[in-house]
Amino acid sequence: MKVTTFVHATCVALRAGKGWRGVLLRGPSGAGKSDLALRLVEAGARLVADDQTALIHQGRTLVGTPPGTLAGLLEVRGVGIVRLGRAQLLARATIALLVD
């Protein structure tokens with residue numbers, strides 16, 4: 001059974017061997033989650049979701065994915081909402097780490 005929970009968090013995916021592993025960045029508004037995500041994407045990571053992440057519980061696995069209306073968007077403080085390129089995105093990632 002799949003259960004979906006929505007959390008106030010940004011999710012990025014980092015290269016791990018031949019695949020990707022998700023990192024969930026949680027914190028209050030203004031903490032720098034989106035800024036860190038942008039810096040990680042510039043270093044080769046992929047954005048999964050910014051600000052809101054849908055977490056899908058599949059047995060013992062937790063998968064992060066963006067809510068449909070926010071897919072591909074990143075809010076950059078002082079600039080506004082930016083649409084990232086397809087090569088900078090990943091539609092879903094298995095969560096391996098939570099940074100709180």
How large is the convex hull of the Cα atoms of segment 2-99 per residue, expressed in Å³ as a whole number?
96
Would you grab the residues whose amide H sits under 5 Å from the one on V82? Only those 5+ places off in sequence or on another chain, please, with H modelled 1.01 Å from N.
L74, E75, V76
Return the distance in nm (one decimal) between the two label points of a simple spin-label model at V82 and Q58, each offset 7 Å from Cα along Cα→Cβ.
3.0
Amide H of L62 versus every other amide H placed in the peptide plane: which residues, excluding those fewer than 5 positions away on the same chain, fall under 5 Å?
I95
So K2 and L70, fully extended at 0.36 nm per residue minus their Cα-Cα distance, gain in nm 22.4 nm
For the chain, take the longest principal axis of its alpha carbons; what is the angle in degrees between that and the long axis of helix 33-42, to the nearest 10 within 0 to 90?
90
Let's see if you can work this out: charge +1 on each Lys and Arg Cβ, -1 on each Asp and Glu Cβ, no other charges. What is the dipole magnitude of the chain about its Cα centre, in debye to the nearest 20?
400
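Quick note: the coordinates plus some simple rules give every number you see, no bench work behind them. Note that the structure is predicted; figures quoted are calculated from it, not measured. Ideal geometry is used to build each Cβ from the backbone, glycine not excepted, and the neighbour counts take in all protein chains shown.
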